[in-house]
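Structure first, then comments.
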Amino acid sequence: MHADIVLIGSGMGGATMAAALAPSGRRILIIERGDHLRDAPETRSDVAIFGHGHFRPKETWLDGRGQPFNPGNYYYVGGNSKFYGAVLLRYRREDFSPIRHMGGSTPGWPMSYDDLEPDYQAAEALYQVRGELDTDPTEPAHSGPYHHSPVPDEPDIAWLRQRLIAAGLHPSSLPLGVDIERWLARARTPWDAFPNTGVGKLDAESAGLAAALRHDNVSLLTGARATQLIPGDDDRIAAVEIVRDGATSRIAADTFVLSAGAVQTAALLLASATDRHPNGLANASDQVGRNFMNHNSSAVLALHPLRRNRSIYQKTLQCNDFYLTGGPNGEPLGNIQLLGKISGTILAAASPVPAALAGLVATHSYDFYAMSEDLPNPESRVTLRGDQIVLDWKRSNWEAHLLLVDALKQRLRRAGFPLVLSRAFDRRTPSHQCGTARMGNDPSTSVVDSYGRSHQHHNLVLADASVLPTSAAVNPALTIAALSLRAARRLLETSAAN
Ligand SMILES: Cc1cc2nc3c(=O)[nH]c(=O)nc-3n(C[C@H](O)[C@H](O)[C@H](O)COP(=O)(O)OP(=O)(O)OC[C@H]3O[C@@H](n4cnc5c(N)ncnc54)[C@H](O)[C@@H]3O)c2cc1C
């Protein structure tokens, strides 16, 4: 089998890339390890999702101490975005420059915010982001407006917004890829971590891939797992080896786009080692698998004994008061946003709160997500032990996260919540994984250039969270999509010139 361009993985990076490449008329084949996520009662059941881990993969990774764990990393058409909270935030302008944090410093990006801005704008159009400008002081300049107004606060969240303002915070509407009427028409549940089986959430499948597959030159092969990239004699990638229905075959192409997600992309490059490339492909810098980042994050529950929270979805506001400052010497602390409304089932599954009490707590709680930047560290890494993935995540900048949680708790008490509880998210869910094949201008310290192209194999492009040089403290999906649009444009320009 031969295609002009083979894409590996149909998540946020791959699907967006496919949408941008499709109008070129090139023969594009997307190979995806998972299948379509079909509608079923479990897709809207908190018991199935949080209680039974119904959609989690039957896969085990090892942590840094060699302990096995079942990762919350999802393999379906559309990838992790099927489950995402659909918060589609831009990195802030400051995130593209070096920043001094409490736990160390971040490098700058090989591009500025202004370089990426047009692609952010286009990504917001593709994912039909609902949002509003001019309410968040940290929001960088946009060259155009959002085309859809924000998802409305539910009444109890409108009340909360006023309480937060009274407590000195500056809440703003979360930019969201959610068509709220369509989402609620299927079932009245939150969307955060609930898989999308229709068009209520604009995810990699319902937006990016749908746009790509409108073109006859694009096809999708599901249930096909890439096991190895095969380099040719000239160091270009010649083929990808896949396993489908137990059979192994090879697919050749002129260009390969690897978009398997930060952990799996690194694993595939490492698993493709040959005698000439003993450290794996694209790895002359020895950076593949290194600099793994995930956000430091906690759930913070504000309880008001006399007031119920009747919200269904809740997740409509954020506060960036501590995004750029707040540490003892003005260091950044992070972003605060609402979680999808937690239920007693969710709370009991994720914490030691007894089931009988959890329902009562959830009825009265307003549920926040505090998120702080994790800094790149070469020792925080993905490696392979035989076929087994080892994820040795070295958390960083934790002190800033603790301050963020403290600052939030203090403001919530001031806002009138006498009881505020917090709990850090566990390490088994690498939801915001990134950094394992970072971009940069220097081939000796990075894996790809600022267009995602491998410094070493010129027909290999990486288009997923692996290329992010920093994690910032915002949800990553929109930045992954914007980088894919930038990479696709470059790929078409350079291949047209050849
Ligand atoms: C519960 C949850 C909530 C989240 N909420 C948000 C949010 O609100 N906002 C936000 O910005 N981000 C959110 N995220 C993170 C966001 O979903 C990811 O950052 C984003 O989807 C990553 O895109 P990606 O292309 O890097 O990888 P993925 O989405 O993981 O896509 C990789 C794809 O490659 C496929 N694949 C993997 N290995 C192979 C292989 N060997 N062969 C073939 N195919 C392969 C996978 O099946 C998958 O489809 C959330 C994530 C989770 C889990």
What Kirkwood Rh does segment 184-328 have if only Cα atoms enter the pairwise 1/r average? Answer in Å. 20.2
Taking just the alpha carbons, could you work out the radius of gyration and Dmax for segment 1-147, both in angstroms? 19.3, 52
What FRET efficiency, computed as 1/(1 + (r/R0)^6) with R0 = 35 Å and r the Cβ-Cβ distance, is obtained for E42 and Q388, rounded to the nearest 0.05? 0.80
Per 10 Å bin, what percent of the C-alpha pairs of segment 319-364 does each bin hold, from zero upward? 27, 27, 22, 23, 1
Using only the alpha carbon atoms of segment 64-200, find the Kirkwood hydrodynamic radius as the inverse mean reciprocal pair distance, in angstroms to one decimal. 17.8
Along segment 96-103, what does the Karplus equation 6.51 cos²θ - 1.76 cosθ + 1.60 (θ = phi - 60°) give for ³J(HN,Hα), rounded to whole Hz, x for Gly and Pro? 7, 10, x, 10, 8, 10, 4, x
Kirkwood Rh, angstrom, segment 316-411 [1 / mean 1/r, Cα pairs]: 15.8
How large is the convex hull of the C-alpha atoms of segment 197-280 per residue, in Å³? 127
Rounded to one decimal in nm, the spacing of the 7 Å Cα→Cβ label points at S97 and R244 is 4.9
Can you compute the charge dipole magnitude of the chain about its Cα centre, using +1 on each Lys and Arg Cβ and -1 on each Asp and Glu Cβ, nothing else charged? Give it in debye, rounded to the nearest 20. 1300
Where does segment 412-469 land on Rg(C-alpha)/(2.2 N^0.38 Å)? 1.88
Normalised contact order of the chain, rounded percent, pairs of Cα under 8 Å and 6 or more residues apart: 24
Segment 317-400: relative contact order from alpha carbon pairs under 8 Å, six or more residues apart, as a whole percent, is 24
Alpha carbon convex hull of segment 249-406, volume per residue in cubic angstrom: 204
For D115 and T325, what does the FRET efficiency come to when R0 = 30 Å and r is the distance between their Cβ atoms, rounded to the nearest 0.05? 0.75
Per-residue counts of other Cβ atoms within 10 Å, averaged by peptide: what ranking do you get for 137-148, 155-166, highest first? 155-166, 137-148
Take D286 and R414, extend 7 Å from each Cα along the Cα→Cβ direction, and tell me the distance between the two endpoints in nm. 4.9
Can you tell me the mean projection area, over all orientations, of the convex hull of the chain's alpha carbons? Units nm², please. 21.8
Please list, short to long, the whole-number percent of alpha-carbon pairs of segment 227-272 in consecutive 5 angstrom bins beginning at zero. 5, 20, 29, 28, 15, 3, 0
For segment 426-440, in residue order, the Karplus 3J(HN,Hα) values (coefficients 6.51, -1.76, 1.60; θ = phi - 60°; whole Hz; Gly and Pro = x) are 6, 7, 7, 10, x, 4, 9, 4, 6, x, 7, 8, 5, 8, x
Report the gain in length on full extension from S351 to Q162: 0.36 nm times residue separation, minus Cα-Cα distance, nm rounded to one decimal. 65.1 nm
The FRET efficiency for E132 and R427, from their Cβ-Cβ distance with R0 = 41 Å and rounded to 0.05, is 0.75
Once every Cα of segment 341-498 carries one equal point scatterer and solvent is ignored, give the base-10 log of I(q)/I(0) from the Debye formula at q = 0.09, 0.12 Å⁻¹, two decimals. -0.46, -0.72
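No value in this document is a laboratory result; all are computed from the given coordinates. As the structure is a prediction and not an experimental result, all values here were calculated from the model. Neighbour counts run over all protein chains shown; Cβ positions are idealised from the backbone, glycine included.
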